[in-house]
Structure formats: C-alpha cells, structure tokens
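The values are calculated or read from the model by the stated rules, or taken from the named source; none is laboratory data. Just so we're clear, the structure is a prediction, and the values are computed from it rather than from any experiment. Here the Cβ positions follow ideal geometry from the backbone for every residue, glycine too, while neighbour counts run over all protein chains shown. When the accessible area is computed, the model is the full protein with side chains, heavy atoms only, and any ligands, DNA or RNA have been set aside. Shrake-Rupley method; radii C 1.70, N 1.55, O 1.52, S 1.80 Å.
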Amino acid sequence: MLQTSHQARLQESPPDTPQEQPEETAAEWAQRLASASPHAIIEAAARALPGRLAVVSSFGAESAVLLKFVADVDSSLPILFLDTLWLFKETLAYRDLLVAHLGLTNVRTITPSPSALANRDPRRDLCFLDQDACCSLRKVAPLARELAPFAGWISGRKRYQGGGRAGIPIVEADGRRLKFNPLAALTATELNEVFASANLPRHPLEAAGYRSIGCIPCTSRALGAAAGRDGRWSGLVKTECGIHTRALSAAAPEA
Ligand code: SF4
C-alpha cells in the first residue's frame, strides 16, 4: 500500500550536498532512500538542501501526484514549469487549476530566450525539421539556465514509464547537482489511487484520449493499451526531450 502521509522519516541524516564526487554521493543517497516513501524522499531532499532545491513539472497527465506530495511537504518549494510556447492551452489552464487546488505558492513559468528563438527558430518550424534542436532550444537550455542557482531538483519520472526510465534510481547525479526521483518506484495503479484518494483533478486532455501530454506538434492521442509515454514524438525514435538524458550543466547556452 502506498504511504501517502509523510510520517516516515529517515533515521539517519542524509549525506552532504555533492561537490566533488556527485556520482558517489547520489549512490549513497539512493541506497539510504531505497525504501522511503515519496513524502520521505521529498522531505529528506528539502531538509538537506534548504533554499537550493527545485521541483520540475510539466503539469502533464500524471503531474498532479508529485505536486500533491510536494505541497504536503512544503507548498513554497520552487516549482519550475517549462512553457515552450508550443503547449496546449489546456495545459496552461491545468497549471492554474492545480496551483489553486494544491495551494502552491512558488510556481515559476520558464520560457525560451526571445533572442535565441529569433536566431534559431525565426519561422517557428524547427519542431518539424529537427526535434532535438527544438527541444534543446525550448526546453534544455531554459531549464539549465533556471536551475543554475539550485543544488538539487526533483522530477516526477516513474520506472513503469519504460524506456530509459525503467531503471532510474531514487537519486542520481545531474552534473554537480542531485536529482531526486521520489516517484520512481510508484506503479500506475498506485498513481491512480492517489488521484482518487486525494480527489486530484485530471488534465482536461485525458478525456480526449491523450496519455502523455507535451507540446502540440509532438503529442498525439495514444492508441489502445499504450505504454505510459506513447503519443510523444509519434513515428520517431525520439522518446525524451533531453532534460534527463545528459547533465544540464553541460547543455549549450542560449544564444
Ligand atoms: S517537444 Fe516538440 S515542440 Fe516541444 S520543444 Fe521538443 S521538438 Fe519542440
């Protein structure tokens, strides 16, 4: 049964913030938090990195669960929301709905650099020509910029989403930062239990058949018993935008 209260606390103090050996420190964290609840993982991260921890959320189909857990622990934690300027209007409305529903007080909407857009995507057609370049311009570089002051961040990825996410640890190194994955071990059934028990609103596009919701040009309705992220970059081998596939500190700067 999923633990949805934050009673469980770590018995030991968490390791220090990584500076010189982030991989080793992340592995130590992951081992210590291996059986911790999502709440306990978020609490441990917030305690260890006060003022230097951010949450990254797409406000997509499954985002409400992580955001609910974060709100339970500290509704003032910075939450970074990447608006690529290609999002569905329903996602922007859902962001506003969840902010009000959960009482989140520090949601920061990040947009790509206007000068970088003018230089590299002046006709707004890069998403049809080179999706990796478009994701780099509209997602990776802006997030790298906004995460610069933080020593750690929290993502909502789950192992059941498959692909490169099937083996994600609870904690991993992102360059010199720590990245926490408090929902890594959650099952799809447990996620739906949280939606029901907490009476969380669903993304409005779910009812229209969307399972994983990102940018308009790169999101399609999932067919049949699709896997968790089917419907993204349909017809391409691409499965990730890039914010999780390499250290953000190594991302090319905006131009
Ligand atoms: S998901 Fe598509 S539209 Fe969005 S940034 Fe990536 S390539 Fe561009």
Practice item. Could you figure out which of (1) farther than 19 Å from residue 202 by Cβ; (2) in contact with a strand residue (DSSP E or B) (Cβ under 6 Å, 6 or more places away or on another chain) isn't true of residue 99? Key: (1)
Revision key, fill the gap. Checked against (1) modelled with pLDDT under 95; (2) open to solvent by less than 20 Å² (accessible area, probe 1.4 Å); (3) part of a helix (DSSP H, G or I), residue 39 satisfies every condition except (1)
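Considering each of 106, 119 in turn, give the residue that is surrounded by fewer than 17 Cβ atoms within 10 Å (Cβ to Cβ), under 30 Å from residue 36 (Cβ atoms) and away from the ligand (no atom under 14 Å from the Cβ). Reasoning before the result, please.
Working: 119 fails: under 30 Å from residue 36 (Cβ atoms).
Step by step, each of 106, 119 is checked, and only 106 is surrounded by fewer than 17 Cβ atoms within 10 Å (Cβ to Cβ), under 30 Å from residue 36 (Cβ atoms) and away from the ligand (no atom under 14 Å from the Cβ).
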Practice item. Using the structure shown, decide if residue 133 is over 30 Å from residue 73 (Cβ atoms) and either near the ligand (Cβ under 9 Å from one of its atoms) or under 17 Å from the mean Cα position of the chain (by Cα) (or both). Key: yes
Check your understanding: Restricted to the range 146-157, and to residues that are touching a Ser or Thr at 6+ places or on another chain (Cβ under 8 Å) and either of a type outside the set (A, V, I, L, M, F, W, C) or part of a helix (DSSP H, G or I) (or both), which residue is farthest from the ligand (Cβ to nearest atom)?
Key -> 152
Review point. Any residue at all in the range 197-204 that is touching a strand residue (DSSP E or B) at 6+ places or on another chain (Cβ under 8 Å), within 25 Å of residue 77 (Cα to Cα), in a loop (DSSP other than H, G, I, E, B) and open to solvent by 20 Å² or more (accessible area, probe 1.4 Å)?
Key: no
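Being β-branched (Val, Ile, Thr) and closer than 22 Å to residue 196 by Cβ is the filter here; which residues of the range 92-124 pass it?
Initially, the range 92-124 is screened for residues β-branched (Val, Ile, Thr), giving 99, 105, 107, 109-111.
The one that is β-branched (Val, Ile, Thr) and closer than 22 Å to residue 196 by Cβ: 99.
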Check your understanding: Based on what the data block shows, is residue 243 touching a Phe, Trp or Tyr at 6+ places or on another chain (Cβ under 9 Å) and either at pLDDT below 95 or surrounded by 20 or more Cβ atoms within 10 Å (Cβ to Cβ) (or both)?
Key -> no
